[in-house]
Amino acid sequence: MIAAPGIDAPLELRLRLADLYGAYEDALADGVSERWPELFTEDCLYRIIPRENYEAGLPASFMYAESRAMLADRVLALRETTVYAPRTIRRLVTNPYLREIGSDGMHLTADFALFQTMLNEPSEVFLVGRFYDRVVEDAGALRFAERICVTDSTLVPTSLVFPI
């Protein structure tokens, strides 16, 4: 049997990465949770950016944070101050693909699709794209040092209030 090309990595590391990605999905499963920022390093980068800007190297992003504290502020704002129509967001994420292990951490990609259901409305595709992640070992745990969420469309619903 021929294995798919990729990085040769121990099964234990792959299981830890799967747990990190699972914990991320769980932290966002029913809206954003206070656990979400803890999956990132103190100094991190989180962006939601349209593919056009990403490929052109342009900085304009739909959402931007450069620290765990900024992510925690986002959670607080969603919990206490932001007003938006109630909705359910369901997420489908492919298995992460380990592309490189370097001195700056592990580089992975995964595709995502988000579906939105508003009260008394049918479910609809909300957003699709790809994650470009850099994961590092931090205090004995794997954490995201970077998560760049690249959306396939330059147009996103005005209701993009939650992280993806």
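Coordinate-derived values only; no laboratory data. Treat the numbers as computed from the prediction; the structure is a model and nothing was measured. So basically every Cβ, Gly included, is an ideal-geometry build from the backbone, and we count neighbours across all protein chains shown.
Summary of computed values
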| item | result |
| --- | --- |
| Part-to-part distance (alpha-carbon centres) for the stretch 90-164 and the stretch 51-69, which is given in Å | 13 |
| Acute angle (nearest 10 degrees) that the helix 11-28 long axis makes with the longest principal axis of the chain, alpha-carbon atoms | 10 |
| Assigned charges on the beta-carbon of Lys, Arg, Asp, Glu; the chain dipole about Cα centre (debye) | 300 |
| For the chain, built as a Gaussian network whose Cα springs stay under 10 Å, the top-fluctuating residue of S33, S153, S103 | S103 |
| Positive-end extreme of charge dipole, the stretch 49-164 - chosen from L78, F112, N95 (charges on Cβ) | L78 |
| ³J(HN,Hα) computed for each position of the stretch 88-98 - Karplus, 6.51 cos²θ - 1.76 cosθ + 1.60, integer Hz, glycine/proline x | 10, 10, 10, 10, 10, 10, 6, 4, x, 10, 6 |
| Sequence-distant residues sharing a close amide H with D138 (under 5 Å, placed H) | R143 |
| The chain, helix-only ellipticity at 222 nm - DSSP H runs n ≥ 4, -39,500 (n - 2.57), divided by all residues, nearest 500 | -7000 deg cm²/dmol |
| Low-density loop positions, chymotrypsin sites (Phe, Trp or Tyr not before Pro), the stretch 74-129 - DSSP coil, at most 16 other Cβ in 10 Å | Y84 |
| Which label in [x] -0.21, -1.04, -1.62; [y] -0.24, -1.10, -1.61; [z] -0.23, -0.95, -1.35 gives the computed log10 I(q)/I(0) by the Debye sum over Cα atoms at q = 0.08, 0.17, 0.21 Å⁻¹ | [y] |
| Cleavage-rule hits (GluC sites (Glu not before Pro)) in the stretch 51-102: DSSP loop, at most 13 neighbouring Cβ within 10 angstrom | E66 |
| Packing rank of 131-138, 11-18, where each peptide gets the mean count of other beta carbons within 10 Å, highest leading | 131-138, 11-18 |
